[in-house]
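A short reminder: the numbers here are calculations on the coordinates, not readings from a lab. The structure presented is a predicted model; accordingly, all values stated were derived computationally and were not measured. Using ideal geometry, Cβ is built from the backbone for each residue, glycine included, and neighbour counts are taken over all protein chains shown.
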Amino acid sequence: MKPRIYIDTSVIGGCFDEEFAYWSKSLMEEFHSGASIAVVSDITRSELEGAPDKVKQALASLPLDSLENVSLSGEAENLAQDYIGSKVITKKHLADAQHIAIATVERVDVLVSWNFQQIVNLNRIHAFNAVNLRLGHPLLEIRSPREVLHEKEI
C-alpha cells in the first residue's frame, strides 16, 4: 500500500527555497512517480491562495491518482481546539493546529513540514500525541521531508 503523506504549505513552498528545494522536490517526485500519495487539505489550499504562481503550479502539477484532497471536518476542528486548550500550541497558530488535527483524523501515515517551530518539534510532537491518545486518536508521525524520503545518494 502506498504511504499517504500529508503535506503542508511549507513543503510545497520549499520547492523554491534554496535550503529546502532538494528535499521538497524529491518528495514531489515521489508523488509524481506514484510511489506515495500526497494528502492535501483545504487549509493548505487556502494558505496557497496568496502564493506565487510557481508555488501553486507545483501543487497543481501533481497527478490526480497521486493526490488525495481532505477537509477540515468538525472532528478535526474540535481536535485543533483541544490542542489549543491543552496549551500545545497557541490560538495564533490555529492553522498549524488544524493541519495536525486533519492529518490525525484522516489517519495519514505521516505529516511532513518544514515548520520546525510549531510542527516538527519534538516537544510539540509529544504534546500533540499526548492529546491524541487522551482523546482516543492514533499517534501521528510528524517529520521533515528529508526524514521520509528513501535514501538516495546526493
Looking at (1) more than 13 Å from the chain's Cα centre (by Cα); (2) within 22 Å of Asn132 (Cα to Cα); (3) not in a loop (DSSP other than H, G, I, E, B), which is the only condition Ile89 fails? (3)
Could we say that Phe31 is without any contact (Cβ under 8 Å) to a residue 60 or more places away in the chain, surrounded by 18 or more Cβ atoms within 10 Å (Cβ to Cβ), closer than 22 Å to Leu149 by Cα and more than 13 Å from the chain's Cα centre (by Cα) here? yes
Among the residues of the stretch 67-85, are any part of a helix (DSSP H, G or I), in contact with a helix residue (DSSP H, G or I) (Cβ under 6 Å, 6 or more places away or on another chain) and closer than 12 Å to Val40 by Cβ? no
Tell me, which residue of the stretch 134-154 that is among the hydrophobic types (A, V, I, L, M, F, W, C) and part of a loop (DSSP other than H, G, I, E, B) is farthest from Lys2 (Cα to Cα)? Leu135
Here is a list of conditions, (1) in a helix (DSSP H, G or I); (2) surrounded by fewer than 22 Cβ atoms within 10 Å (Cβ to Cβ), and Ala97 meets all of them except one; can you say which number that is? (2)
Just one of (1) over 21 Å from Ser73 (Cα atoms); (2) assigned to a helix (DSSP H, G or I) trips up Val131, so point out which. (1)
Under 8 Å between Cβ atoms, which residue pairs at least 6 apart in sequence (or on different chains) link something in the stretch 1-16 that is closer than 21 Å to Gln118 by Cβ with a partner that is part of a loop (DSSP other than H, G, I, E, B) and acidic (Asp, Glu)? Ile5/Asp109; Tyr6/Glu106
Filtering the stretch 22-66 down to residues that are of a type in the set (Gly, Ala, Ser), within 22 Å of Asp96 (Cβ to Cβ) and not in a strand (DSSP E or B) yields Ser24, Ser46, Gly50, Ala51, Ala58
Any residue that is surrounded by 12 or more Cβ atoms within 10 Å (Cβ to Cβ) and part of a helix (DSSP H, G or I) - is there at least one of those in the stretch 110-123? no
